[in-house]
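What follows is one structure encoded as structure tokens, with my remarks underneath.
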Amino acid sequence: MKRRDLLAAIGAGGACALLASLAGAQAAYPTQTLKLVVPFAPGGGGDVLGRLLAAKLSESLGRQMIVENKPGASTVIATESVVRSEPDGHTILLNVPLVVQTATMMSKLPYDPVRDLVPVVDIVNSALWMAVNPQKVKARNLKEFVAEVKANPKAHSYGSIGMGSTTHLFGHALNESAGLDMVHAPFKGSSLALNALMGGEISAVILDFVTLKPQAAAGKVRLIAVTGAERSTWTPEVPTFAEQGYPGLEMLTWAGLFVPTKTPPAIVARLHDEVARIVKEPDVAAKLADLGYIPGGMPQVKFAQQVKEEKDRWGVLIKKAGVKIE
């Protein structure tokens, strides 16, 4: 055999071996119990979503997926634990835009969210609702709320799911545009922020619908505004921030899955395809709709690009707000 033919044969053999290896990795995966790391306390929107997804993935992947709650440090604790895990697809992170927002806020972040994580799939997209405690605040809309806060300087605060989170930055933007002096109170998840609102510790929150829905239905909290370009079909009676004279809060938030860099592409593809299929199943889509979520499932490459772009976009807003965590 000529040397050129021999090299060609070796190259073809190597390519076949690589394809076989990738196929084998996907076929064998998973080989053990899977862990879904959720960076929020139990009971909030992220936790509810994580448990719904874990149950469905346990069925479709044929291995149990457990949920591990690791709240704190604006999702850094949970994210770092996944970054440091084996890149074999058995430890998966559920996170929200905070995964990239922290990169601007923290000068000593122990990882680079773009370099050290692979965005797998967006699970859901969602608007956010501003809610008040009707026992503490009389306002029934944003105009009345602004007037009430201005009438009582240094008496009001708002809660978020963490420093530099979307909920924090939206509250900061409202302070800036309306000339308010609300103090920011960060919590380790939406359920804890809601508890503080119900307990009268804070005046308002900007949170997801799944967290607020039961208490809103019971009349224990009042929804006065929603983010997005138009009213939500889940709460058509609640006007947007823009409708009420405060534009700039049109961005939707999202939740997605991430795995460590160097996770085999075949495993990333398998996880993406499973989740993209699951969120569109009629029973899951109905459940997500009931929780106020819009099913995700965009192509993996597109989601990865979105995450990268949002890191830059949020970076500008965070620097403008002067948010820093040391």
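The values are calculated or read from the model by the stated rules, or taken from the named source; none is laboratory data. A quick note: this is a predicted structure, and the numbers were derived from the prediction, not measured. Glycine gets a Cβ as well: all are built from the backbone with ideal geometry, and neighbour counts include every protein chain shown.
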Against the condition assigned to a loop (DSSP other than H, G, I, E, B), touching a Leu at 6+ places or on another chain (Cβ under 8 Å), surrounded by fewer than 18 Cβ atoms within 10 Å (Cβ to Cβ) and at pLDDT 95 or above, how does Arg63 come out, does it pass? yes
Considering only the stretch 204-256, how many residues are surrounded by fewer than 18 Cβ atoms within 10 Å (Cβ to Cβ), of a type in the set (A, V, I, L, M, F, W, C) and assigned to a helix (DSSP H, G or I)? 2
Residue check: is Glu230 farther than 30 Å from Asn175 by Cβ and of a type in the set (Asp, Glu)? no
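Yes/no matrix, rows are residues, columns are (1) assigned by TED's automatic domain parsing to the domain that holds Val120; (2) under 24 Å from Ala55 (Cβ atoms); (3) in contact with a Phe, Trp or Tyr (Cβ under 6 Å, 6 or more places away or on another chain):
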{"position": "Lys220", "(1), (2), (3)": "no, no, no"}
{"position": "Gln244", "(1), (2), (3)": "no, no, no"}
{"position": "Val259", "(1), (2), (3)": "yes, yes, no"}
{"position": "Val268", "(1), (2), (3)": "yes, yes, no"}
{"position": "Val275", "(1), (2), (3)": "yes, yes, no"}
{"position": "Val301", "(1), (2), (3)": "yes, no, no"}
{"position": "Leu317", "(1), (2), (3)": "yes, no, no"}
Of the conditions (1) closer than 21 Å to Val226 by Cβ; (2) touching a residue at least 40 places away in the same chain (Cβ under 8 Å), Leu180 clears all except one; give me its number. (2)
Sort out which residues of the stretch 136-155 are among the aromatic types (Phe, Trp, Tyr) and surrounded by fewer than 16 Cβ atoms within 10 Å (Cβ to Cβ), and write them in order of number. none
In the stretch 104-156, anything part of a helix (DSSP H, G or I), among the aliphatic types (A, V, I, L, M) and outside the structural domain of Gln305 (by TED's automatic domain parsing) is listed as Leu142, Val146, Ala147, Val149, Ala151
Does at least one position in the stretch 257-267 carry a residue that is surrounded by fewer than 21 Cβ atoms within 10 Å (Cβ to Cβ) and among the aromatic types (Phe, Trp, Tyr)? no
